[in-house]
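Enquirer: Right, I'll just put the structure down here and ask away after.
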Amino acid sequence: MSFTYNRLNKDDVALLMVDHQSGLLSLVRDFSPDDFKNNVLALADIAKFFEIPTVLTTSFEDGPNGPMVPELKAMFPDAPYFARPGQINAWDNEEFVAAVKATGKKQLLIAGVVTEVCVAFPVLSALEEGYEVFVVTDASGTFNQTTRDAAWDRMSQAGAQLMTWFGVGCELHRDWRNDIEGFGGLLAGHLPAYANLIQSYEQQSLAHKR
């Protein structure tokens, strides 16, 4: 079978952060709280590093779902932000969809809480409208691995590509020569093991210069 590798293109991709809300975060059990927060903020840092248009939305935030986590609002103070009054599927909100289309991008990175609803529903809707969709799996969370795997399977079968924030960052960056310190620093800030790698590299570089 023929296969075309369509890479993420930093000039043709937008990020949709869906329902990362304080109440909903308490439902996430397929990642530890610390790991999940790190993953979400790492994805946000990648979007800022590559200057990717970002759209934020929440569902029924005046109710038990709660407000969007403050770190995301602080990181994207100028991003379009839609507090949906009741639509469970973000794609059912006309203002949200209009903001996505206004980015002019053909590729969409989508992450959210919970995976089988707040992520899967807009992913399937965007695929139906012809977008190339990439699900950031480790910046999306849900009740347990069973519900997560069912959602991943449903989205993948529909044509979505499943990725992690690290994979997203590397595919966007393409070549270390583009910015060694900037991208390496971003990775080191979210991966302790990578911080050790960078530190080792820096020490070896100093040793060679002596």
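Enquirer: Can you list the HN-Hα couplings for segment 151-159, worked out from phi with the Karplus curve (6.51, -1.76, 1.60; θ = phi - 60°), rounded to whole Hz and with x for Gly and Pro?
Expert: Those phi angles translate into 5, 4, 5, 4, 5, 5, 5, 7, x Hz.
Enquirer: Taking only DSSP H segments of four or more residues, each worth -39500 (n - 2.57), what value at 222 nm results for the chain once the sum is divided by all its residues, to the nearest 500 deg cm²/dmol?
Expert: Mean residue ellipticity, 222 nm, calculated: -14000 deg cm²/dmol.
Enquirer: Using a Förster distance of 22 angstrom, determine the FRET efficiency expected from the C-beta separation of residue 128 and residue 4, and round it to 0.05.
Expert: Here the calculated transfer efficiency is 0.60.
Enquirer: Another question about this same structure. Pairing the Cα long axis of helix 180-190 with the longest principal axis of the chain, what angle in degrees results, from 0 to 90 and rounded to the nearest 10?
Expert: Once rounded, one gets 60 degrees.
Enquirer: Another one. Which of 138, 30, 153 ends up with the largest GNM mean-square fluctuation for the chain, with Cα atoms connected below 10 Å?
Expert: 153
Enquirer: Farthest toward the dipole's positive end in the chain, which of 147, 83, 60, given Cβ charges of +1 (Lys, Arg) and -1 (Asp, Glu) about the Cα centre?
Expert: Selected residue: 147.
Enquirer: Taking R0 as 35 Å, what FRET efficiency do you get between residue 26 and residue 196 from their Cβ-Cβ distance, rounded to the nearest 0.05?
Expert: 0.65
Enquirer: Expressed as a whole number of Å, what is the distance separating the alpha-carbon centroids of segment 120-184 and segment 28-60?
Expert: That distance is 12 Å.
Enquirer: Please find, in a Gaussian network model of the chain (springs between Cα atoms separated by less than 10 Å), the residue of 114, 18, 28 whose mean-square fluctuation is greatest.
Expert: Comparing 114, 18, 28 in the GNM, the peak value goes to 28.
All of the numbers you see were taken from the coordinates with simple rules; none came from a lab. All values reported here derive from a predicted model rather than from experimental measurement. Heads up, the Cβs are rebuilt from the backbone with ideal geometry, glycines too, and the neighbour counts pull from every protein chain shown.
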